[in-house]
Amino acid sequence: MVYRVERAAESRQAAGGSVSPRIGVSAPRYEHESRLLLDLGVPPAAVRQAVGEAARLGVPVEAALLAARAVGEDDLYRAFAAWLDAPFVGGGAELDPGLHYGAAAGAGVAPLAAGGPPGARWLVAPRGRA
């Protein structure tokens, strides 16, 4: 798979396209995502492979990265939360007892029960591209 990505990058570069020097792939659509993942400490080889898969499948880079199990889901979202200067709430969070689960699932947002993690009142599910 990496070979195919490298070959695609080489052909784009020969055609006048740009190649990201940090991961060796020309994929302008994924440039910002790739840069952020690298800044979060994801290994360049894992980002390179995820960009190739994301481009092939039409999904966000982080979805391809998680599907390949190149990084752990909690590790990735903990790093995103730190980058955003937001608290990370792991799987043990208790939701508000008055929660309407259907509405919360549809919105991707749920209130946390009183006495939850310090500084956190809401649980927000990550979603693809912002």
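Overview of values
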read-out: Criterion (at pLDDT below 90 and more than 19 Å from residue 110 (Cα to Cα)) met by exactly one of 74, 96, 85; value: 85
read-out: Residue tally, condition within 18 Å of the chain's Cα centre (by Cα) and in a loop (DSSP other than H, G, I, E, B), over the stretch 64-102; value: 13
read-out: Residue match in the stretch 11-26 (condition: farther than 30 Å from residue 115 by Cβ, at pLDDT below 85, not polar (S, T, N, Q) and not in a loop (DSSP other than H, G, I, E, B)); value: yes
read-out: Residues that are under 12 Å from the mean Cα position of the chain (by Cα) and either part of a loop (DSSP other than H, G, I, E, B) or closer than 13 Å to residue 34 by Cβ (or both), drawn from the stretch 54-63; value: 54, 59, 60, 61, 62
read-out: Subset of the stretch 30-80 (residues that are aliphatic (A, V, I, L, M) and either touching a residue at least 60 places away in the same chain (Cβ under 8 Å) or farther than 26 Å from residue 123 by Cα (or both)); value: 45, 46, 47, 50, 51, 54, 55, 57, 59, 63
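The values are calculated or read from the model by the stated rules, or taken from the named source; none is laboratory data. It should be emphasised that the depicted structure is a prediction, and the values quoted were computed from it without experimental measurement. Please note: Cβ atoms are built from the backbone with ideal geometry, for glycine as well, and neighbour counts cover all protein chains shown.
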